[in-house]
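A.B. asks: Handing you this structure, nothing more for now.
The values are calculated or read from the model by the stated rules, or taken from the named source; none is laboratory data. Everything numeric here is computed off the predicted structure, so don't read it as measured data. Glycine also receives a Cβ, built like all others from the backbone with ideal geometry; neighbour counts cover every protein chain displayed.
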Amino acid sequence: MSTELLTTETDGAVLWITLCRGDKRNPMSSDLIAALTEALNQAYGDDAIRCVVLAAEGPVFSSGHDLKELHPRESESNDDFEARVRSILEACAGLMQGIVSAPKPVIACVQGTATAAGCQLVSACDLAIADSAAHFCTPGVNVGAFCTTPLVGIGRNLSRKHAMEMALTGDMFSADEAVKFGLINRHVPGDMLRQETSALAHKIASRSAESIRGGKAAFYRQVEMPLAQAFDYANDVMLAGVTGSADAQEGRQAFIEKRTPVWKHS
């Protein structure tokens with residue numbers, strides 16, 4: 001699939017979704033949010049797709065919200081302006097939450113700078129690999145605002161002090177710092193980025209989709225729970241998986257027989 005906003009490319013069981021408005025810095029406009037949400041929802045419902053990669057063209061992964069859309073239009077009332085901006089923010093929040101709650105892993109392949117809502121998009125993904133030359137920032141304070149909504153996802157990836165340093169300074173942080181902060185998994189030279197990301201995506205796609213679907217959901221649910229409650233919940237989920245999952249049975253049998261497992265569930 002190809003639109004003026006993004007392209008999709010299937011590579012085996014991996015779907016690449018690429019933002020292709022590099023000339024405009026790939027802004028998270030309302031149109032892009034809608035197109036990306038639709039492309040992701042289609043991928044989530046496609047049994048042939050086991051893993052999704054989000055990539056981008058140009059020197060900027062995404063510059064965040066289109067500030068022109070967050071500015072009052074001529075003759076627009078305050079109420080209409082507020083309602084329009086709220087709808088953009090809610091659609092963006094829905095996109096981010098959809099990635100977290102998706103039944104399939106989503107990997108960010110960050111080739112350039114990711115700022116504000118673009119940085120939030122990276123934080124929403126389950127994994128992220130970046131070009132060693134990539135940078136990350138939440139620059140709201142530089143234009144008299146504050147990156148409050150980006151900090152929801154970023155603040156769940158980083159320690160509070162690192163998240164607040166990004167938000168309070170609006171400074172650019174390197175890929176190396178992003179690894180130390182916990183925003184991305186690792187960075188590699190630019191000419192290795194797609195190869196490294198593809199290898200990771202295909203490795204994940206080769207695993208049991210059933211176990212990943214349930215395991216991802218369980219992880220994000222338990223990580224917000226108090227410790228004892230998390231263990232009780234995780235024990236119940238793991239017990240159900242071990243005793244009731246055909247893929248778990250196949251995995252154990254394959255291990256005993258020293259062969260490659262053949263997953264039964266998509």
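A.B. asks: For the subset of the range 177-204 comprising residues that are free of Cβ contacts under 8 Å to residues at least 60 places away in the same chain and crowded, with 19+ Cβ neighbours inside 10 Å, which member is farthest from L54 (Cα to Cα)?
C.D. replies: Filtering the range 177-204 for residues that are free of Cβ contacts under 8 Å to residues at least 60 places away in the same chain and crowded, with 19+ Cβ neighbours inside 10 Å, the one farthest from L54 (Cα to Cα) comes out as F181.
A.B. asks: Here's something else I'd like to know. How many residues are loosely packed, with under 14 Cβ neighbours inside 10 Å and within 30 Å of R213 (Cβ to Cβ) when one looks only at the range 42-99?
C.D. replies: Within the range 42-99, residues that are loosely packed, with under 14 Cβ neighbours inside 10 Å and within 30 Å of R213 (Cβ to Cβ) number 6.
A.B. asks: Between residues in the range 38-57 that are more than 17 Å from I129 (Cβ to Cβ) and modelled with pLDDT of 95 or more and residues that are among the aliphatic types (A, V, I, L, M) and not in a helix (DSSP H, G or I), which pairs lie under 6 Å by C-beta distance while being six or more apart or on different chains?
C.D. replies: Partner pairs satisfying both residue conditions: A39/I17; A43/L15; A43/I49; A43/V52; Y44/A102; I49/L15; R50/A13.
A.B. asks: Any idea which of G12, G22 is modelled with pLDDT under 95 and more than 18 Å from the chain's Cα centre (by Cα)?
C.D. replies: G22
Each row is one residue, and each column tells you yes or no for (1) among the polar types (S, T, N, Q); (2) assigned to a loop (DSSP other than H, G, I, E, B); (3) assigned by TED's automatic domain parsing to the domain that holds V100.
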{"site": "M192", "(1), (2), (3)": "no, no, yes"}
{"site": "G215", "(1), (2), (3)": "no, no, no"}
{"site": "R221", "(1), (2), (3)": "no, no, no"}
{"site": "M225", "(1), (2), (3)": "no, yes, no"}
{"site": "D232", "(1), (2), (3)": "no, no, no"}
{"site": "V237", "(1), (2), (3)": "no, no, no"}
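A.B. asks: Kindly list, by first and then second residue, each pair from a residue in the range 146-163 that is on the phi > 0 side of the Ramachandran plot and in the same structural domain as L70 (by TED's automatic domain parsing) to a residue that is exposed (fewer than 14 other Cβ atoms within 10 Å of the Cβ) and of a type in the set (A, V, I, L, M), limited to pairs with Cβ atoms under 9 Å and residues at least 6 apart or on different chains.
C.D. replies: Taking only residues 6 or more apart or on different chains, not a single pair turns up.
A.B. asks: Name the single residue, out of those in the range 66-90 being over 19 Å from V143 (Cα atoms), acidic (D, E) and not in a loop (DSSP other than H, G, I, E, B), that is modelled with the highest pLDDT.
C.D. replies: Selected residue: E90.
A.B. asks: Could we say that M172 is modelled with pLDDT of 95 or more, of a type in the set (A, V, I, L, M, F, W, C) and exposed (fewer than 15 other Cβ atoms within 10 Å of the Cβ) here?
C.D. replies: On the way: modelled with pLDDT of 95 or more: yes; of a type in the set (A, V, I, L, M, F, W, C): yes; exposed (fewer than 15 other Cβ atoms within 10 Å of the Cβ): yes.
When the stated conditions are applied, M172 passes them.
A.B. asks: Say we look at the range 227-266 and pick out the residues that are over 15 Å from S208 (Cβ atoms) and among the polar types (S, T, N, Q); which of these is modelled with the lowest pLDDT?
C.D. replies: Result: T243.
A.B. asks: For the range 191-215, name all the residues that are at pLDDT below 95 and not aliphatic (A, V, I, L, M).
C.D. replies: S206, R207, S208, E210, S211, R213, G214, G215
A.B. asks: Does R207 satisfy the criteria of being surrounded by fewer than 20 Cβ atoms within 10 Å (Cβ to Cβ), closer than 23 Å to Y44 by Cα and within 20 Å of the chain's Cα centre (by Cα)?
C.D. replies: It is true that R207 is surrounded by fewer than 20 Cβ atoms within 10 Å (Cβ to Cβ), closer than 23 Å to Y44 by Cα and within 20 Å of the chain's Cα centre (by Cα).
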